[in-house]
1. Quick one: which of 88, 99, 139 is at pLDDT 75 or above, more than 26 Å from residue 71 (Cα to Cα), assigned to a helix (DSSP H, G or I) and under 37 Å from the mean Cα position of the chain (by Cα)?
2. Filter region 60-85 down to the residues that are loosely packed, with under 11 Cβ neighbours inside 10 Å and under 17 Å from residue 125 (Cα atoms), then identify the one that is modelled with the highest pLDDT.
3. Given the criterion free of Cβ contacts under 8 Å to residues at least 60 places away in the same chain, under 27 Å from residue 132 (Cβ atoms) and in contact with a helix residue (DSSP H, G or I) (Cβ under 6 Å, 6 or more places away or on another chain), identify the matching residue among 75, 89, 84, 71.
4. Kindly indicate whether residue 106 is within 30 Å of the chain's Cα centre (by Cα), on the phi > 0 side of the Ramachandran plot and at pLDDT below 85.
5. What do you reckon, is residue 59 assigned to a helix (DSSP H, G or I) and either out of contact with any helix residue (DSSP H, G or I) (no Cβ under 9 Å at 6 or more places or on another chain) or under 30 Å from residue 128 (Cα atoms) (or both)?
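The values are calculated or read from the model by the stated rules, or taken from the named source; none is laboratory data. Keep in mind the model is a prediction, meaning the values are calculated, not measured. No Cβ is skipped: glycine too gets one built from the backbone with ideal geometry, and neighbour counts run over all protein chains shown.
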């Protein structure tokens, strides 16, 4: 026999074995409504368990894949392998959000919503600028607490503690 006929026979055997498996399943399950109540409960519980189990396994794999991809992109961004233009991303997301809002409500976003987004974006930019100047911030903080190695009490600390105690006593006696 030629290789072609051998492959064809093997394929036919696989098809037959698949149809036999379907026949076993059909004989086991058959028309569930004609089975006894006990068998209906067992078949329903078993198939529900199998569906839930498979769904959880597939869901976990998908979540790990998506989450891992996001984490890898963020690491690559922090290491400088890629640069993400967040302003461009925010603008595109805002445009899509506006279109979705308009499609759902029939109205576009209000000026109030746009102003909130603008202020939020500017606050994020200010936060990024502060992070870039972290060295100066750390120096200021270490001067405030007294030393880089830890907190040392100075006149400012004593004044703040006395002020807080005075406020607490004033509230307590009022």
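1. Exactly one residue qualifies, and that residue is 99.
2. Of everything passing the filter in region 60-85, 83 is modelled with the highest pLDDT.
3. Details: 75 fails: in contact with a helix residue (DSSP H, G or I) (Cβ under 6 Å, 6 or more places away or on another chain); 89 fails: in contact with a helix residue (DSSP H, G or I) (Cβ under 6 Å, 6 or more places away or on another chain); 71 fails: in contact with a helix residue (DSSP H, G or I) (Cβ under 6 Å, 6 or more places away or on another chain).
Being free of Cβ contacts under 8 Å to residues at least 60 places away in the same chain, under 27 Å from residue 132 (Cβ atoms) and in contact with a helix residue (DSSP H, G or I) (Cβ under 6 Å, 6 or more places away or on another chain) holds for just one of 75, 89, 84, 71, which is 84.
4. Working: within 30 Å of the chain's Cα centre (by Cα): yes; on the phi > 0 side of the Ramachandran plot: yes; at pLDDT below 85: yes.
It is true that residue 106 is within 30 Å of the chain's Cα centre (by Cα), on the phi > 0 side of the Ramachandran plot and at pLDDT below 85.
5. On the way: assigned to a helix (DSSP H, G or I): yes; either out of contact with any helix residue (DSSP H, G or I) (no Cβ under 9 Å at 6 or more places or on another chain) or under 30 Å from residue 128 (Cα atoms) (or both): yes.
Criteria met by residue 59.
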